[in-house]
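*Asks:* Provided herewith is a single structure, encoded as structure tokens, for subsequent inquiry.
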Amino acid sequence: MFTEIGRFTIRWRRLVLALTVLFVVAAGAAGTGLFSKLGDGGFADPAAESTRAGAFLAEIGAPDPEMVLLVEAVGGNGVDDPAVRAAGDELTRSVAGEPAVATVTSYWSTGGERALRSTDGRSALVVIDLAGTEDQVDDAAAAIEESYVGSRGPLTVEVGGGYAIDNAIGEQLSDDLVNAEILAVPATLVLLLLVFGGIVAAGLPLIIALVAVVGALLALFGIAQVTDVSVYSINLMTGLGFGLAIDYSLFILSRFREELAAGRTTEAAVVRAVETAGRTVAFSALTVAVSLSALLVFPLSFLRSFAYAGVAVVVCAAAASLLTLPALLATLGPRVNTWSIRLFPRTARPAGTGFWRRLATVVMRRPVLVATGVIVFLLALGSPFLGVNPGLPSYQALPPGNEARQVAESISAGFAGNRTAQFGVVLPGVEAQGADAEAVATFAGQVGAVDGVTDVAVHSAAAGSWLTVVPSVVLRSAEGERLVKEIRALNPPFEFGVEGDAAELVDAKAAIYSRLLPALAIIAVATSVLLFLVFGSILVPVKAIVLNLLSLTATFGAMVWIFQDGHLSGLLGFTATGQLDVSMPILMFCVAFGLSMDYEVFLLSRIKEEYDRTGDNTRSIAAGLEKTGGLITAAALVLAISFVAFGTSGMSFLKLMGIGLALAIIMDATVIRGLLVPAVMRLAGNANWWAPGPLRRLHQRWNLQER
């Protein structure tokens, strides 16, 4: 099949390149519409109690404040000063008259509600509920912010609440994408120039990266028409697409140049590159896609979005590498080596004298010592993960200097109860002002007595009733989880449900934990089958899975030590909350596991190629590492650069993803591939490629090896 693909791209190279240009233009034009379809949520389980309770409140039209104005009295006066009170009343009436404003509640309009007044008496809140379509709400919120924020006589007004935080997140992500590309593209180009020593060769992977990312944008645009897609997935899509497309191009381009140097014609070199490196690219892309597909097991659209984005960009990167790149190589031929800028010409080096060969030889002399030492080292690095405390992102994920975060922190620290974080306890079919009034009042008293509750109000509607609960704790925290669990443990004579951020956190953790084993099983089984079909070995899949787990354990330990416990928080510029986003280890596992298999396949393919040629296990390991070690390192550096660039994000959990994945990639490409793989394969000997008779015959019939 890959021979035919190579021949096809040679024969129809002009058509392939013309269609690629048309595809990039069309996909780029259509894909730009994606950003208006993206959401910034996706952390809730659609089937959970918190989601059903929230849907009930939306159905009966319960107020859901989108905005809050933090109003501070200036000049040392308090909010009860007559002039300040008059200005506060005027502000409340003025905001109530704005388009799309459904209700306005302020400290002054309620006659002095305690939860709306700061503990020092100098600030108060104006809570605003907006009505209409999403666009109407956004327009109204923006108009209110523009009209009222700033100095207003004896008052100073700042905007906060969900609208301000969501708006800040959107702006931060947009800035992060631009900044990441500004950092990643020049650094990657420099690295490619160092690897290939020529402008033409270094530019080809960037072309493939462009095709992959633009193609994935188009795919996500189509997916967003039928399901929710998280805005956060764009960061993974660009970083992963950029890195993988360059990685795949590196392997095919390097093999093409190697074949040219061996005396093959351009056409023969293209076919051979696609037959060998191209086949490995296709299988590697399949393993990455399978790992990312496991995210579809989880009900949270945040995680599912990363599966959509990741699989789309992997498929596009592989397709561009197998079609567009060979067509470019067939067109360029030996001219791929033109415009050389190598400052120090390489001198011919005798075979078997390179760094990676020498390293493999040293490792295989003492495989037990090396394997034991590396495993102990990795487990020690992974030990902090035993103390992981899962949570969900809050406003503290924004940079410390962000205005929306500062307002949220002022409200959290300065008010006895946080009205901006109020949540509902719904009582469907229960009459708060009828036959059930006494039971509802008793239940409201029980909720109000729970530690962490500042105020409880009872409301009625035709379909039932609900309680508005004002907390005094941060909801997305251990205290918030405890609060929800204690409320849910109450036993009134009717059914009820709890919604809000804390309930969402409890339900999201339960949903992830309940589906964790199926997701891991999908990855393990699918990867084992694919590796067996390629290499015909029982040991190779087991070794690959175990070694990848060891590598990721070390990475997860480092992430807990840094981002949960707060070490290096000052250097990296984030606020440690004592929690680690519950979805991040799952996401990082699926992405990093797939990428680890990516490098595993490249290395094993060359080792197996040498083993089939010589039948010598030790020599084939050394030769395989010699031929791929430098290339894998370069490919890993490219991917690491892409993710480190996102490690500069202002959002702490995206910083976690970027730095964590970069660390996982570097660890895998160096410690695992350079030390642990040759040590373990040397100990296994010829059993590396063994399979029982029935499975061997099955492999001979269905194998994916080059023929």
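The values are calculated or read from the model by the stated rules, or taken from the named source; none is laboratory data. Keep in mind the model is a prediction, meaning the values are calculated, not measured. Counting neighbours? That spans all protein chains shown, and the Cβs are built from the backbone with ideal geometry, glycine included.
*Asks:* Can you confirm whether GLY61 is at positive phi and either outside the structural domain of GLY111 (by TED's automatic domain parsing) or crowded, with 19+ Cβ neighbours inside 10 Å (or both)?
*Replies:* Considered against the rule, which asks whether it is at positive phi and either outside the structural domain of GLY111 (by TED's automatic domain parsing) or crowded, with 19+ Cβ neighbours inside 10 Å (or both), GLY61 comes out as yes.
*Asks:* Here's something else I'd like to know. When only residues in the stretch 358-372 that are among the charged types (D, E, K, R) and part of a helix (DSSP H, G or I) count, which is nearest to LEU547 (Cα to Cα)?
*Replies:* Here the answer is ARG365.
Yes/no matrix, rows are residues, columns are (1) within 23 Å of the chain's Cα centre (by Cα); (2) assigned to a helix (DSSP H, G or I); (3) more than 16 Å from GLY310 (Cα to Cα); (4) aromatic (Phe, Trp, Tyr):
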position	(1), (2), (3), (4)
ASN167	yes, yes, yes, no
GLY170	yes, yes, yes, no
LEU177	yes, yes, yes, no
LEU183	yes, yes, yes, no
ALA187	yes, yes, yes, no
LEU192	no, yes, yes, no
VAL200	no, yes, yes, no
ALA212	yes, yes, no, no
ALA219	yes, yes, no, no
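*Asks:* Then there is this: Based on this model, can you work out whether THR280 counts as over 23 Å from ARG11 (Cα atoms), polar (S, T, N, Q) and crowded, with 21+ Cβ neighbours inside 10 Å?
*Replies:* no
*Asks:* A further question follows. Going residue by residue through the stretch 14-35, is there one that turns out to be in the same structural domain as VAL229 (by TED's automatic domain parsing), exposed (fewer than 13 other Cβ atoms within 10 Å of the Cβ), modelled with pLDDT under 90 and not in a loop (DSSP other than H, G, I, E, B)?
*Replies:* Yes, the stretch 14-35 contains at least one residue that is in the same structural domain as VAL229 (by TED's automatic domain parsing), exposed (fewer than 13 other Cβ atoms within 10 Å of the Cβ), modelled with pLDDT under 90 and not in a loop (DSSP other than H, G, I, E, B).
*Asks:* If I go through the stretch 476-494 residue by residue, how many of them are touching a strand residue (DSSP E or B) at 6+ places or on another chain (Cβ under 7 Å), part of a loop (DSSP other than H, G, I, E, B) and surrounded by fewer than 18 Cβ atoms within 10 Å (Cβ to Cβ)?
*Replies:* Residues that pass the stated criteria total 1.
*Asks:* If I ask for residues that are part of a strand (DSSP E or B) and among the hydroxyl-bearing types (Ser, Thr, Tyr), which ones from the stretch 431-464 would you list?
*Replies:* THR454, SER460
*Asks:* Tell me which residues, restricted to the stretch 529-559, are in contact with a Lys or Arg (Cβ under 8 Å, 6 or more places away or on another chain) and aromatic (Phe, Trp, Tyr).
*Replies:* Matches in the stretch 529-559: PHE535 only.
*Asks:* If you don't mind, another one. Find the residue count for the stretch 96-111, including only residues that are of a type in the set (Val, Ile, Thr) and in a loop (DSSP other than H, G, I, E, B).
*Replies:* So the answer is 1.
*Asks:* Of (1) assigned to a strand (DSSP E or B); (2) β-branched (Val, Ile, Thr); (3) within 32 Å of the chain's Cα centre (by Cα), VAL473 satisfies all except one. Which?
*Replies:* Here VAL473 clears every test but (1).
*Asks:* Kindly check whether there is at least one residue in the stretch 436-445 that is modelled with pLDDT under 90, under 29 Å from the mean Cα position of the chain (by Cα), within 26 Å of ASN491 (Cα to Cα) and crowded, with 16+ Cβ neighbours inside 10 Å.
*Replies:* No, that holds for no residue.
*Asks:* Yes or no: ALA461 within 24 Å of SER412 (Cα to Cα) and either of a type outside the set (Lys, Arg) or surrounded by 19 or more Cβ atoms within 10 Å (Cβ to Cβ) (or both)?
*Replies:* Taking the combined requirement at face value, the residue does not satisfy it.
*Asks:* Taking the condition of being surrounded by 14 or more Cβ atoms within 10 Å (Cβ to Cβ), part of a loop (DSSP other than H, G, I, E, B) and modelled with pLDDT of 75 or more, how many residues in the stretch 674-707 meet it?
*Replies:* Number of matching residues: 2.
*Asks:* Just a yes or no: is a residue in the stretch 222-236 closer than 30 Å to PRO334 by Cβ, among the polar types (S, T, N, Q) and buried (at least 17 other Cβ atoms within 10 Å of the Cβ)?
*Replies:* no
*Asks:* Applying the selection to the stretch 127-184, what residues are surrounded by fewer than 16 Cβ atoms within 10 Å (Cβ to Cβ) and touching a helix residue (DSSP H, G or I) at 6+ places or on another chain (Cβ under 6 Å)?
*Replies:* GLY153, the sole residue that qualifies.
*Asks:* Quick one: how many residues across the stretch 64-95 are touching a strand residue (DSSP E or B) at 6+ places or on another chain (Cβ under 7 Å), at pLDDT below 90 and surrounded by fewer than 20 Cβ atoms within 10 Å (Cβ to Cβ)?
*Replies:* 2
*Asks:* Run GLU275 past the list (1) closer than 25 Å to ARG335 by Cβ; (2) charged (D, E, K, R); (3) surrounded by 21 or more Cβ atoms within 10 Å (Cβ to Cβ) and report the number of the one that doesn't hold.
*Replies:* Only one criterion is unmet by GLU275, namely (3).
*Asks:* Do we have ASN389 as closer than 29 Å to LEU490 by Cβ, surrounded by fewer than 17 Cβ atoms within 10 Å (Cβ to Cβ) and not assigned by TED's automatic domain parsing to the domain that holds ALA115 here?
*Replies:* The answer is yes for ASN389.
*Asks:* I've got another one for you. From ALA282, ALA273, ALA317, grab the single residue that is out of contact with any Asp or Glu (no Cβ under 9 Å at 6 or more places or on another chain), small (Gly, Ala, Ser) and touching a residue at least 40 places away in the same chain (Cβ under 8 Å).
*Replies:* That would be ALA282, the only listed residue that is out of contact with any Asp or Glu (no Cβ under 9 Å at 6 or more places or on another chain), small (Gly, Ala, Ser) and touching a residue at least 40 places away in the same chain (Cβ under 8 Å).
*Asks:* Those residues that are in contact (Cβ under 8 Å) with a residue 40 or more places away in the chain and over 24 Å from the mean Cα position of the chain (by Cα), I need them from the stretch 489-502; list them, please.
*Replies:* Result: LEU490, PRO492, PRO493, PHE494, GLU495, PHE496, GLY497, VAL498, GLU499.
*Asks:* Of all residues in the stretch 195-237, count the ones that are of a type in the set (Phe, Trp, Tyr) and over 17 Å from GLY41 (Cβ atoms).
*Replies:* Selection size over the stretch 195-237: 2.
*Asks:* On the given criteria, is ALA461 modelled with pLDDT of 90 or more and among the small types (Gly, Ala, Ser)?
*Replies:* For ALA461, the condition - modelled with pLDDT of 90 or more and among the small types (Gly, Ala, Ser) - is not met.
Residue by residue, here is whether (1) more than 30 Å from GLY39 (Cα to Cα); (2) out of contact with any Phe, Trp or Tyr (no Cβ under 9 Å at 6 or more places or on another chain) holds:
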| residue | (1), (2) |
| --- | --- |
| ARG117 | yes, no |
| ARG122 | yes, yes |
| VAL127 | no, yes |
| GLU146 | no, yes |
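*Asks:* Please work out if VAL288 is modelled with pLDDT under 90 and assigned by TED's automatic domain parsing to the domain that holds LEU204.
*Replies:* Here the answer is yes, as VAL288 does meet what is asked.
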